[in-house]
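What follows is one structure encoded as structure tokens, with my remarks underneath.
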Amino acid sequence: MKKGNFKVLAILVAVLMVVALVGGCGAPAAQESGTQTGAGEPSGGVASADGGSAANSSNETLKIGVDDSLTGTGAPYGLPASNAVKLAASEVNEAGGIKIGDKTYNIEVVVYDNKSDATEGVSTIQKLMDIDQVHYVLGWSSSTSTSSAAQQIPGKEVTMLVGNARSPQIALLSPGNLFRSATANCYDPVADCEYIKSLGINKVAVLAFFNDTGYSVHANNVVDTFGKVGVEVVAKETMNAGDLDLLSQMTNIANSGAEAVYMAGNIEESAMALRQLRELGSDIPMITFSSGTGPQWLETCTNDQMEGSYTIRPQVAEEGGENGKQSDEFVAKYEAMFGENPSQTATNGYDNFWILMAAMQNAGTTDWQAVNDALKEVKVEDLDPRVLIEYTPLEGGLLFDDLGQAYHPYTVAKWSMEDENWAYESTIGKELGPDFLHNFLKAYCEEQGIEYPGTK
């Protein structure tokens, strides 16, 4: 990308296209950076962590960074992703290390809290590069902090493996040393609306963070897509971060004739909205884009109030999921280590760790350039069997395209009254592939007058 065009893109992304956490991210947290200890509680200061494992002292040490939202409203997303990296590192260390080339390494995880904040995103990535000398950084659940950090890495010896930060434009910021395992969120309206139509729902209400930079883009696209698939939007209501009295909005929805309500916002506000809808006597199903674990929803709603609810997610580790055995084993290991059920974003952190390990083993070295080049050539078949997401092999079996983007279908989970938690329901969106994203980004670049960096 030309230097001038890159500056234009940086400004545009920072001002126009910065996207909050998928499933929830409100105002940035006010706490300081911290390393997770125990069950994911942030400690004061920044230090290294190995997930509580017993490492082999005779091995070499490989430092891996985690940069994520560990405190504040972003913590329900950043903490599980960070915890999952610690879990994977502990698995390596407890097994005596991982062999890369002719050396065996223990994994040391260095964790920073970017608070879902653009300024913190710059600060934390610079600390990881300059102070900790880390070349590989995982995490990135917030598009806000990810976008600002990604603008710092072109030409640097650092690789970002992005998880839940799903703004499409992130793929444009540093192609070559930024890789993303989660499908960009421009796919969400297509997958969500077509599935809701398949449930026999013809009239829907939409409750969303329409005033939020990120959620509003998604919510407005959903409204438009409902029209394209033949679902009538009979009510459109707004909630904001911190809104816990949504009685007026839910009264309008209850009286709208809607056959279902679609929610896109933070977990806490979405859960309160559902609770108040049920208290009004409405039993229409909820379909949420807000993610979150079952226990997080039950902090506000009762099990009975959750009945008939669905969540549509880019990917998830649910017991009984399509990827079966590894999902069940991951859930059990995560719960044993952290004392809670893993949320969607935990799959991102866990998978990105094993994707990085596959690239290192293919390269036969931890040298940054060799590993970064190897990531571009990693195939789906190279991945560790513990990987959770069912990635779509691209041409030649590759995991990433030329923008560093991976692809996968979506998971639908339905509320289980018996388990009082989300349970796997079905897999959708298998037909969604690279062309959709590339065409979306080409149109965006043309509209903004910037150079498209891809080859497709």
> Amide H to amide H under 5 Å from R166: which residues, 5+ apart in sequence or cross-chain, H placed 1.01 Å off N in plane?
Replying inline: V22, S143
>> Output wanted: per-residue J couplings in Hz (rounded whole) for the stretch 168-175, from phi through Karplus 6.51 cos²θ - 1.76 cosθ + 1.60, θ = phi - 60°, x for Gly and Pro.
In response: x, 5, 4, 5, 8, 6, 8, x
> Quick one: Cα convex hull volume of the stretch 97-168, Å³ per residue?
Replying inline: 108 Å³
> When the helix-only estimate is applied to the chain (DSSP H runs of n ≥ 4, each -39,500 (n - 2.57), divided by the residue count), what is the mean residue ellipticity at 222 nm, nearest 500 deg cm²/dmol?
Replying inline: -11500 deg cm²/dmol
> What's the carbon and sulfur percent of the chain's accessible surface, probe 1.4 angstrom, rounded to a whole number?
Replying inline: 46 percent
> Which whole-Hz couplings ³J(HN,Hα) result when phi for each residue of the stretch 185-200 is put into the Karplus expression 6.51 cos²θ - 1.76 cosθ + 1.60, θ = phi - 60°, listed in order with x for Gly and Pro?
Replying inline: 6, 5, 7, 4, x, 4, 5, 5, 5, 5, 5, 4, 4, 5, 7, x
> What full-extension length gain, to one decimal in nm, is calculated for T119 and E395 as 0.36 nm per residue of separation minus the Cα-Cα distance?
Replying inline: 95.6 nm
> Label V234 and S248 with points 7 Å out from Cα along Cα→Cβ: what is the distance between them in nm?
Replying inline: 2.3 nm
> Given H placed 1.01 Å from N in the peptide plane, which residues other than close sequence neighbours of Y391 have an amide H under 5 Å from its amide H?
Replying inline: none
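How do 219-225, 105-111 rank on mean C-beta neighbours within 10 Å, highest first?
Numbers: 219-225: 18.4, 105-111: 23.3.
Descending packing order for the listed peptides: 105-111, 219-225.
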>> As an exercise, use a Förster radius of 51 Å and the Cβ-Cβ distance of N211 and N56 to find the FRET efficiency, rounded to the nearest 0.05.
In response: 0.45
> Percent antiparallel among DSSP beta bridges with both residues in the chain, to the nearest 5?
Replying inline: 35 percent
> Tell me, what is the FRET efficiency for D102 and A443 to the nearest 0.05, using R0 = 45 angstrom and their Cβ-Cβ distance as r?
Replying inline: 0.40
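How high is the relative contact order of the chain, in percent, with contacts defined as C-alpha pairs under 8 Å that are six or more residues apart? Write out the running numbers ahead of the final one.
On the way: 1064 pairs, mean separation 73.8, N = 456.
16 percent.
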> Mean separation of Cα pairs under 8 Å and 6+ residues apart, divided by the residue count of the stretch 378-455: what relative contact order is that in percent?
Replying inline: 21 percent
> How big is the accessible area of M272 in square angstrom, nearest 10, if you roll a 1.4 angstrom probe over the protein chains?
Replying inline: 30 Å²
> Under a 5 Å amide H to amide H cut-off, with H placed in plane at 1.01 Å, what residues pair with E108 once short-range neighbours are removed?
Replying inline: L62, K63, I64
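Could you work out the per residue convex hull volume over the alpha carbons of the chain, in cubic angstrom?
Details: hull volume 57.5 nm³, N = 456.
Roughly 126 Å³ of hull volume per residue.
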> Roughly how compact is the stretch 126-265, stated as its Cα Rg over 2.2 N^0.38 Å to two decimals?
Replying inline: 1.31
>> I'd like to compare 442-452, 187-197: which one has the highest average count of other Cβ atoms within 10 Å, and what's the full order after that?
In response: 187-197, 442-452
> Using θ = phi - 60° and the Karplus form 6.51 cos²θ - 1.76 cosθ + 1.60, what ³J(HN,Hα) does each residue of the stretch 216-233 get, whole Hz, x for Gly and Pro?
Replying inline: 5, 4, 4, 4, 5, 5, 5, 4, 5, 5, 4, x, 6, 9, x, 9, 7, 8
> Roughly how tilted is helix 3-12, in degrees to the nearest 10 and between 0 and 90, from the longest Cα axis of the chain?
Replying inline: 40 degrees
> For E420 and K456 in the same chain, what is the full-extension length gain: residue separation times 0.36 nm, less their Cα-Cα distance, in nm?
Replying inline: 8.5 nm
> At a Förster radius of 45 Å, what calculated FRET efficiency corresponds to the Cβ-Cβ distance of D130 and N202, to the nearest 0.05?
Replying inline: 0.20
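The values are calculated or read from the model by the stated rules, or taken from the named source; none is laboratory data. Quick caveat, the model's predicted, so the values are computed rather than measured. Positions of Cβ are backbone-derived with ideal geometry, glycine not excepted, and every protein chain shown enters the neighbour counts. The area values use the complete protein model at the heavy-atom level, side chains included, leaving out ligands, DNA and RNA. Shrake-Rupley method; radii C 1.70, N 1.55, O 1.52, S 1.80 Å.
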